[in-house]
1. Which angle between 0 and 90 degrees, to the nearest 10, do you get for helix A:51-63 versus the longest principal axis of chain A when only C-alpha atoms count?
2. In chain B, what percent of the accessible surface is made up of carbon and sulfur (1.4 Å probe, ligands and nucleic acids excluded)?
3. If I take R0 = 35 Å and measure r between the Cβ atoms of B:Arg58 and B:Asp347 in this structure, what FRET efficiency does the formula 1/(1 + (r/R0)^6) give, to the nearest 0.05?
4. Let me see the P(r) profile for the protein assembly as shown: every Cα-Cα distance counted, bins of 20 Å, each bin given as a percent of all pairs.
5. Mind grabbing the base-10 log of I(q)/I(0) for the stretch B:246-366 at q = 0.10, 0.15, 0.17, 0.18 Å⁻¹? Debye formula, identical points on the C-alpha positions, no solvent, two decimal places.
6. Arranged from highest to lowest average of other beta-carbon atoms within 10 Å per residue, in what order do the peptides B:18-24, B:282-288 appear?
7. Please work out the FRET efficiency for the pair B:His105 and B:Ala306, using the Cβ-Cβ distance as r and a Förster radius of 30 Å; give the result to the nearest 0.05.
8. Can you give the relative contact order of the stretch B:85-175 as a percent, counting alpha carbon pairs under 8 Å and 6+ residues apart?
Amino acid sequence: MAQDDAAAGGGGRVTVDATGMLCPLPIIELAKAARGRDAGTEITVLATDLAARVDVPAWARMTGHEFVGEKKTDGPGIALTVRLR
Amino acid sequence: MFLDASGSAPMTNRTLEAFHAGLADGWADPSRLHSESRRARQLLDASREAIAEALGARPEHTHLAHSPHAGLERVIAGVFAARRGRDRIVASAVERDATMHAAHHVAGGALTVVPVDARGHVDLDALAEELAVPDVALAAVQHANHEIGTVQRLDRVAEAAAAARVPLLVDATASIGHGPAPQHWDALVANPADWGGPAGLGIVALRPQTRWLPAWPEGDDWAPGGVLVPAVLAAAVALQERRELLDETSLRLHRLIARVRDAAASWPGVDVVGDPDERLPHVVTFSCLYVDGEALLSRLDREGVAVGSGSACTTSTLEPSRVLAAVGALSHGNVRLGLHPGVTDADIDRLLDLLPRVIADLRDEAGAPEIA
């Protein structure tokens, strides 16, 4: 599910495509993608389940990472980005 | 083991006996003129007086409705109708859906939602700012939250409402029977099923100076078609029984919930929601990372343990719980406990032994990563 994007700047960027998945699967995929990554890596979760808008920031708070923000995507759904610490 | 008593607590023998006695003696239509009806009328009036007294309300301004939901709808419509020229309703972000839906409907969409902090307390500055605009018909702030247990600082809320001369509706459906009744309100709604009375009854209390108009065809009848007299009697008896044991029970349940809060906070990836101190004695919600709420509830049900949930996954709308979203909690893997007075230390021992294993199992099954 997780795909490494071209490294930009210092930290890497990773995209997790969780479109079509229902909670709690999007943050399970997010957590798997975060495993073993360096601090500073930005992970963007693409989701269609609106619960992810609540869950991704809550995941960041509970696991000590930073929630960066939310954007609309071209497709259906939203892109939620966290930065690992 | 029943741990989901928020909003529907089991009835005690004394309450059941009152219900049966009400069926035997109060079966007649209380609005007719013969002695059978007078007996039903007397039971109804005495029960309503007892409930009013417990709420700190006047019996003649205490109305019965067909449910707490119907009571909220009617009081919002009735108070709104008496505030001509003011057409906006202001509500905290953690009010019940019934309040939100009624307010939205009555005000034709002119509903302003005031945010709460991470523990669920309404933002008093933002509230005062909204109320300062002279178009507000009504403010709705609950006494205590039915999901996370946080008790609002109603003295300060009421101060803001009084300063703006806006009537304050207090939803006390989660708190009456669990502690002292709130003092600061212009209109109040209570739920007998929450204190161990029968379901299908709501109580609306108004201050004598609170203006309202019937926004419905039945005039001053808040429960068209009448209410079930035995249910009102049983509700009054249940509240009386709760009040007799209130200090002892609320202290004991407060301690049991404190045990649950401490234990749950020590489990990896579990977040305990709501205010640890300014809270209902008997309610707590915690959320578990990577756990499907529905699976969690059915696993506990198979173990003979009934708990509640605010998880999006268990509702048909797939919208995350508004209350949990408002405090920034997870939308999934939520467990809500509502303890009734019959819950024992041994029950909580068993729950605290069972839960960490069930959570770990479900995380394994979902392929969730280890939590550091």
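The values are calculated or read from the model by the stated rules, or taken from the named source; none is laboratory data. Fair warning: this is a prediction, and the values are worked out from it, not measured in the lab. Backbone-built Cβ (ideal geometry, glycine too); neighbour counts: all protein chains shown. What goes into the accessible areas is simple: the full protein's heavy atoms, side chains included, and nothing from ligands, DNA or RNA. Shrake-Rupley method; radii C 1.70, N 1.55, O 1.52, S 1.80 Å.
1. Helix A:51-63 sits roughly 30 degrees off the main axis of chain A.
2. 50
3. After rounding to 0.05, the efficiency reads 0.35.
4. 24, 50, 23, 3, 0
5. -0.28, -0.65, -0.84, -0.94
6. Descending mean neighbour count gives B:282-288, B:18-24.
7. 0.35
8. Reported relative contact order: 32 percent.
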